[in-house]
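In what follows, a structure is listed as structure tokens, so that the remarks can point back to it.
The values are calculated or read from the model by the stated rules, or taken from the named source; none is laboratory data. Computed from a prediction, not measured in an experiment: that's the story for all the values here. All Cβ positions, even for glycine, are placed from backbone atoms using ideal geometry, and neighbour counts span all protein chains on display. We work out accessible area using only protein heavy atoms, side chains counted, and drop any ligands, DNA or RNA first. Shrake-Rupley method; radii C 1.70, N 1.55, O 1.52, S 1.80 Å.
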Amino acid sequence: MELLFKKPSNKAIKAMANASFELGNRERSNEYTKLAEESIKSFTNHEHSRVLCSGNAAIMVAMSNMKGPVMIPNQGGWSGFIKMAEFLGLKLIRVPTKMGVIDLKVLKDHIKQNNPDSLFITSFAGYMAEQPVKEIYEICEDHDVILVEDASGSVGDPQKNLACGDHAHIIVASTGYPKIVNVGSGGFISTNNVKFFKDAHYLIKTVKSSPVICAGLVEEIKKAPESLTKTLKACEFLKKEFKSEKNKSVLHPKKGE
């Protein structure tokens with residue numbers, strides 16, 4: 001099923017085309033980058049942001065700051081969490097879930113037992129069910145665990161439950177197809193702790209995105225709330241359709257996305 005509303009808007013395409021004609025103009029390139037970073041901060045409510053070449057690059061930058069074990073859900077996460085941890089030589093700890101959704105008591109017990117440095121989650125477990133991100137953040141805060149939320153599927157949440165810097169130490173996202181903010185490729189990372197960016201300065205410089213992607217992101221992120229709302233409605237429709245068919249079942253039929 002192709003969701004046409006997730007395609008880049010004409011404004012984004014035009015902005016990217018204009019930026020491509022100006023490649024090599026350092027002053028204009030910096031302008032596109034700054035505008036994109038400001039746009040990201042306005043949506044994540046974080047004080048600092050960077051536009052990178054991919055969502056996986058954002059995960060790598062975030063994880064490069066971690067010194068101890070990395071905790072992830074045992075289901076419903078993103079494969080990039082595992083691959084990047086292995087690449088960086090970090091120990092992985094898997095917390096048991098209910099079909100991808102984190103149980104808060106289980107999480108608290110596992111954090112006490114394993115003392116992880118960070119917890120990486122996606123806003124939606126397997127793109128099927130919303131995680132209790134705010135409550136997860138509060139547990140992480142109480143136990144000095146850095147919460148990293150992959151918000152590729154939730155940027156623009158009107159309720160500010162997801163992709164919100166008020167309850168995530170670091171937010172990462174992909175801006176490739178078919179994410180909520182789709183400019184064909186790229187990604188971003190945001191945080192309130194500028195030390196994360198200072199410590200990973202050279203890596204960020206290595207995996208930074210192009211001004212073309214930045215120009216498109218400035219326009220495309222504006223329609224993130226509408227794109228997310230339509231995506232949730234499409235998922236709700238599909239769940240009802242699958243559930244109504246004979247011998248068909250749906251995971252998390254009453255949960256978002």
What size of dipole, in debye to the nearest 20, comes out for the chain about its Cα centre when the only charges are +1 on Lys and Arg C-beta atoms and -1 on Asp and Glu C-beta atoms? 600
If you build the convex hull over the alpha carbons only and average its shadow over all orientations, what do you get for region 80-147? Give it in nm² to one decimal. 4.4
Note down the net charge around Ser49, summing +1 for each Lys or Arg and -1 for each Asp or Glu among other residues with Cβ under 13 Å from its Cβ. +1
Under 16 Å by backbone N from the virtual spin label 7 Å along Cα-to-Cβ at Leu104, the residues of region 135-158 are 135-143
Signed unit charges on C-beta, dipole axis of region 57-162, positive-most listed residue Ala151, Ala85, Tyr137: Ala85
Over the chain, give the accessible area per residue in Å² for a 1.4 Å probe, as an integer. 50
Give the percent of DSSP beta bridges with both residues in the chain that are antiparallel, rounded to the nearest 5. 50
Mind scanning Lys14/Lys208; Lys7/Lys67; Lys41/Lys112; Lys41/Lys198; Lys179/Lys208 and naming the pairs with a C-alpha gap bigger than 29 Å? Lys7/Lys67; Lys41/Lys112
Give me the one-decimal nm value for the distance between modelled label points at Asn10 and Glu138, 7 Å along each residue's Cα-to-Cβ direction. 4.7
Starting from the 7 Å offset along Cα-to-Cβ, what nm value, one decimal, do you get for the label separation of Ala234 and Glu47? 3.8
So for the pair Gln75, Lys112, with labels modelled 7 Å out along Cα→Cβ, what separation do we get in nm? 2.5
In the neighbourhood of Glu220 defined by beta carbon distances under 15 Å, the net charge of the other residues (Lys, Arg +1; Asp, Glu -1) is +4
Region 43-116 versus region 166-217: alpha-carbon centroid distance in Å: 16
With charges set only on the Cβ (+1 for Lys and Arg, -1 for Asp and Glu), what does the dipole of region 12-104 come to about its Cα centre, in debye to the nearest 20? 260
In the chain, taking the dipole from +1 charges on Lys and Arg beta carbons and -1 charges on Asp and Glu beta carbons about the Cα centre, the listed residue (Leu232, Leu52, Leu217) farthest towards the positive end is Leu232
